[in-house]
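For reference, the structure is listed below as structure tokens.
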Amino acid sequence: MNKTRIIVLGALLAALAALFQLIPYFFSEMLVLLTIFSGLPIYIISRIKPKVGVLSYIVASAIIIFFTLHEGLFFLCTNGIIGLSLGICNYYTKRKSIIWIISSFILTITLSIMNYGIGIPVFGGKIPGNMIIQLVILLCFSVIYNIIYFYFLSIIFNRISKLRCF
């Protein structure tokens, strides 16, 4: 695939990721569950070309932050970073356990930044226990979430790949 086509695809997927993340902003908070799809476009482009994936992640984040800082932070620290890390890891290795471990640690770090650094409760409230127990809870959640999200993204990527869109 030539460079121009990859860049255009990255731009389109960044816009699509931003649209998915901005659904609650434009429509209703009741549709917040649909934001889970915002990581899909970033995963697709990151799996095709990691450098363009990083650029798409940054562009999508900037678009989202332009509308709402809250959703922008959530994209940067949750679905966006998951799509990016899973896509890049899948580009460089096919070993699922390595992909899950790396992505889970990245997600745990970003969730910790949100929870402890910025002060946005990740699970909607205070996590019980001392700091070590809280980090273990975040890590366990990250591993389970990454495994489920990885299979979800892989199924969609494989179906799209069969259409030969890219």
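Of the residues making up segment 20-54, those that are within 21 Å of Ser154 (Cα to Cα), at pLDDT 90 or above and over 13 Å from the mean Cα position of the chain (by Cα) are Ile48, Lys49, Pro50, Lys51, Val52.
For Ser56, are the conditions met, namely being touching a residue at least 24 places away in the same chain (Cβ under 8 Å) and hydroxyl-bearing (Ser, Thr, Tyr)? Working first, answer last.
Working: touching a residue at least 24 places away in the same chain (Cβ under 8 Å): yes; hydroxyl-bearing (Ser, Thr, Tyr): yes.
Yes; evaluated as a whole, the condition is true for this residue.
For beta carbons closer than 7 Å, sequence separation of 6+ or different chains, a first residue in segment 143-166 that is under 19 Å from Ile98 (Cβ atoms) and touching a residue at least 12 places away in the same chain (Cβ under 8 Å) and a second that is of a type in the set (S, T, N, Q) and not in a loop (DSSP other than H, G, I, E, B), the qualifying pairs are Val143/Ser104; Asn146/Ser103; Asn146/Ser104. Looking at this structure, is Ser161 closer than 19 Å to Gly53 by Cβ and polar (S, T, N, Q)? When the stated conditions are applied, Ser161 passes them.
Taking segment 59-166 and the helices (runs of 4 or more DSSP H) fully enclosed by it, the elements with 2 or more residues that are surrounded by fewer than 20 Cβ atoms within 10 Å (Cβ to Cβ) and not hydroxyl-bearing (Ser, Thr, Tyr) are at 69-77, 96-112, 131-162. Taking the criterion of being of a type in the set (A, V, I, L, M) and farther than 19 Å from Ile88 by Cα, the residues of segment 117-143 that qualify are Ile118, Ile120, Val122, Ile127, Met131, Ile132, Ile133, Leu135, Val136, Ile137, Leu138, Leu139.
The values are calculated or read from the model by the stated rules, or taken from the named source; none is laboratory data. It should be emphasised that the depicted structure is a prediction, and the values quoted were computed from it without experimental measurement. Glycine also receives a Cβ, built like all others from the backbone with ideal geometry; neighbour counts cover every protein chain displayed.
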